[in-house]
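Heads up, the thing below is written out as structure tokens.
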Amino acid sequence: MARYLIGMTGASGAIHGVDFVKRCPGEKFLVMSDWARQVLLTEHGLKSSDLEPHVKKVFRDDDLAAPFSSGSNRYDAFVIVPCSVSTLGKIAAGISDTLITRAAAVALKERMRLVLCVRETPLSSIALENCLKLSREGVVIMPLSPPWYGNPKDLDQLVGGFTDKLLALLGEAGAGSAWREGELE
Ligand SMILES: Cc1cc2nc3c(=O)[nH]c(=O)nc-3n(C[C@H](O)[C@H](O)[C@H](O)COP(=O)(O)O)c2cc1C
């Protein structure tokens with residue numbers, strides 16, 4: 001069974017984190033920044049406790065003694081969805097003063113898979129440079145840009161289309177979008 005660390009930060013688009021937390025299979029651990037909790041409440045009226053049933057454990061972002069602060073605790077991928085440009089900048093600068101940024105620093109040094117679903121628009125040159133810097137380190141920069149080619153009929157389908165792509169990226173079987181499956185027939 002695959003093991004995933006999931007981070008949610010205070011960028012808009014908390015619904016993408018919620019959908020991923022719900023649909024991603026395997027053993028899942030969740031870390032939410034303070035602003036992720038705030039945005040989740042603002043955008044959806046949800047609390048972190050609403051996500052608890054979908055994961056093995058939720059960690060506080062100030063819990064730097066949590067297992068994922070150490071490279072001894074391995075996983076298949078660390079996915080940050082949504083990822084703010086603040087967290088992006090800290091990771092690119094090597095700052096690790098929260099569990100999310102520390103775990104990302106560990107993922108980089110241990111060469112574990114790191115996926116950042118960056119959400120901001122427009123993007124400054126600084127954010128773009130940070131994306132490029134991390135991409136060259138092997139990090140997957142996956143902007144929160146849901147696909148429209150599946151002709152989504154509602155918000156759930158639009159959000160689901162992005163989650164499909166994320167799951168396919170992680171190699172989770174059967175997670176490909178209808179568009180991709182149709183292409184192979
Ligand atoms: C309602 C709301 C929406 C926000 N949307 C974004 C966003 O889309 N992208 C972003 O980078 N920051 C956004 N921010 C700002 C971040 O929350 C802020 O920079 C915060 O310090 C990020 O901290 P974190 O990365 O530790 O969660 C938003 C803040 C609020 C209150």
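Where a number appears in this text, it was derived from the coordinates with a stated rule and is not lab data. Please read all numbers here as calculations on a predicted model, not as lab measurements. All Cβ positions, glycine included, derive from the backbone under ideal geometry; neighbour counts span all protein chains shown.
The table below lists the values:
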item	result
Computed E for Val140/Lys47 - FRET, C-beta separation, R0 30 angstrom, nearest 0.05	0.55
30 Å Cα-Cα reach of Lys153 towards lysines, excluding residues that sit fewer than 8 places from it in its own chain	Lys22, Lys28, Lys47, Lys165
Region 9-123, relative contact order [Cα under 8 Å, separation at least 6], %	31
Label zone at Ala93 (point 7 Å along Cα-to-Cβ), backbone N below 15 Å, region 39-73	none
Per-peptide average of other Cβ atoms within 10 Å, ordering 64-71, 163-170 highest first	163-170, 64-71
Residue-wise HN-Hα coupling along region 29-34, computed from phi with Karplus coefficients 6.51, -1.76, 1.60 (Hz; x: Gly, Pro)	10, 10, 10, 10, 6, 4
Using a Förster distance of 22 Å, the FRET efficiency for His54-Leu169 (Cβ separation, nearest 0.05)	0.65
Net +/- balance of residues flanking Gly17 in space, Cβ distance below 13 Å, scoring K and R +1, D and E -1	+2
Mean Cβ neighbour count within 10 Å, used as a protection proxy, ranking 131-138, 43-50, 76-83 highest first	76-83, 131-138, 43-50
Separation in nanometres of the label points that stand 7 Å from Cα toward Cβ, at Glu129 and Arg74	3.5
Pairwise FRET efficiency - Asp62 versus Asp156, Cβ, R0 = 22 Å, nearest 0.05	0.10
